[in-house]
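The values are calculated or read from the model by the stated rules, or taken from the named source; none is laboratory data. None of the values given here were measured: they were computed from a predicted structure. Here Cβ is always computed from backbone atoms with ideal geometry, including for glycine, and neighbour counts include all displayed protein chains. For the accessible areas, the whole protein counts, side chains as well, though only heavy atoms, and no ligand, DNA or RNA atoms are used. Shrake-Rupley method; radii C 1.70, N 1.55, O 1.52, S 1.80 Å.
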Amino acid sequence: MSGTLFVVATPIGNLADASARSLEVLRSADLVACEDTRTTRTLLARYGIETPTVALHQHNERAASGKLLNLLKEGKNLALVSDAGTPALSDPGALLVEAAHRAGIKVSPVPGPSAAAAAFSAAGFAADGYLFAGFLPAAKAARVKALAGLDIGCPLILYEAPHRVLETVQDLAERFGPERELAIARELTKKFEEVARMKLADAAGWLLAKPERIQGEFVLVVARSEPRPSGEIDAERTLEALLEVMAPSEAAKIAARITGLPRRLLYQKALQRAK
Ligand code: SAM
């Protein structure tokens, strides 16, 4: 009988956020595969857990995954953790998880903290979904290019390093416009936690307002673009078509009947279009 690979979320700052189940799984596993064994040992020590640890980080993930897979096949239960938050989410772990699936080994998530979900929940942007894009590319040109494909009508969640956050909010303002809303969530669950909402135009000023603001860990949540009311979109198209064959006043009268929008508003639009 093969063992189980438990994918365990750990705290993103406040160690008290470790769930009861995550601690139970870490205690009963045969081995804990960690991004950095020193970081995870701090968590384990806090809860008196003595399970042995092994390193599984981005530089040894492929080689280490093979060995861990063999242990799973022998029936050992493994807990996979990253330094903070949910493994495989902008963190190592996916290679081992994929290998386990291919080998027919049971994979079981132990859900818990993630900076992306925590920031989104505190940002307050009502939406049915979001786009999580992790870290943007480090090089300016690649970053600006990446942003072009990320404005897809839902809030955008980004991770950012403190030495790049200022540049990134400036790129965001350039790309999405100064009026777009942004939430900056920094140092979540830690002593100097801040979650603030502002316009993109004000983000650089907010970051620079206090020297310590530019330090720590950041999640940026960008509001979605304002959807245009469907009536107005219809009106634009309708007006455009009508103006091809009639005068603005007549076009506005008929478009008002079709769309239900005020005739005066449509007449103004028609005059602008006719210019
Ligand atoms: N797997 C992790 C998760 O589920 O949140 C994310 C790991 S990623 C390497 C680290 C990034 O997550 C940081 O650079 C920062 O953008 C974000 N992050 C992690 N902890 C955070 C915290 N306490 N407050 C704000 N952002 C945090």
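So for segment 1-159, averaging the separation of alpha carbon pairs under 8 Å that are six or more residues apart and normalising by length, what relative contact order in percent results? Provide the component values of the computation, followed by the final result.
Numbers: 282 pairs, mean separation 48.0, N = 159.
Relative contact order, segment 1-159: 30 percent.
In the chain, a dipole from Cβ-located charges (positive for Lys and Arg, negative for Asp and Glu) runs towards its positive end, and of 141, 115, 92 it is 141 whose Cα lies farthest in that direction.
Beta bridges per DSSP, both residues in the chain: antiparallel share near 50 percent. Between the C-alpha center of segment 175-251 and that of segment 101-171 there is a gap of 16 Å.
Rounded to the nearest 20 debye, the dipole size of segment 230-274 about its Cα centre is 200 debye, using +1 on the Cβ of Lys and Arg and -1 on the Cβ of Asp and Glu.
Largest mean-square fluctuation among 16, 119, 255, in a Gaussian network model of the chain whose springs join Cα atoms under 10 Å apart, belongs to 255. Simple rule: put +1 on each Lys or Arg Cβ and -1 on each Asp or Glu Cβ in the chain, find the dipole, and look at 9, 266, 19; the Cα lying farthest toward the positive end is 266.
Can you give the charge dipole size of the chain about its Cα centre, rounded to the nearest 20 debye, using +1 on the beta carbon of Lys and Arg and -1 on the beta carbon of Asp and Glu?
Numbers: 34 positive and 32 negative charges, 72 e Å.
The calculated dipole for the chain is roughly 340 debye.
Classify segment 230-274 from the C-alpha gyration tensor, please: rounded if a/c falls under 1.5, else prolate or oblate depending on whether a/b exceeds b/c. Taking the square roots of the gyration eigenvalues as a ≥ b ≥ c, segment 230-274 is rounded. Using R0 = 35 Å, the C-beta based FRET efficiency linking residue 161 and residue 28 works out to 0.50.
In the assembled protein chains, residue 107 presents an accessible area of approximately 40 Å² (probe radius 1.4 Å). Across segment 254-262, computed HN-Hα scalar couplings (Karplus, 6.51 cos²θ - 1.76 cosθ + 1.60, θ = phi - 60°) run 6, 4, 5, 5, 6, 9, x, 7, x Hz from first to last residue, x flagging Gly and Pro.
Which of rounded, prolate, oblate describes the chain, given a ≥ b ≥ c as roots of the alpha-carbon gyration tensor eigenvalues and a/c under 1.5 marking rounded, otherwise prolate only if a/b is larger than b/c?
Values: a/c = 3.16, a/b = 2.24, b/c = 1.41.
Here the chain falls in the prolate category.
Restricting the trypsin sites (Lys or Arg not before Pro) of segment 157-209 to loop positions (DSSP other than H, G, I, E, B) with no more than 10 neighbouring Cβ atoms within 10 Å leaves 191. A protection proxy built from the mean count of other Cβ atoms within 10 Å ranks the segments 20-30, 208-218, most packed first, as 20-30, 208-218.
Rounded to whole numbers, the Karplus 3J(HN,Hα) couplings from phi for segment 175-183 are 6, 9, x, x, 7, 5, 7, 9, 10 Hz, using 6.51 cos²θ - 1.76 cosθ + 1.60 with θ = phi - 60°, and x at Gly and Pro.
Once you have a ≥ b ≥ c as the square roots of the Cα gyration tensor eigenvalues for segment 43-98, tell me rounded if a/c is under 1.5, and otherwise prolate or oblate according to whether a/b is larger than b/c.
Note, shape of segment 43-98 comes out oblate.
For the chain, lysine pairs with C-alpha atoms less than 23 angstrom apart, excluding pairs fewer than eight positions apart on the same chain, total 11. Computed over the chain, relative contact order equals 17 percent, with contacts defined as Cα pairs under 8 Å that lie 6+ residues apart.
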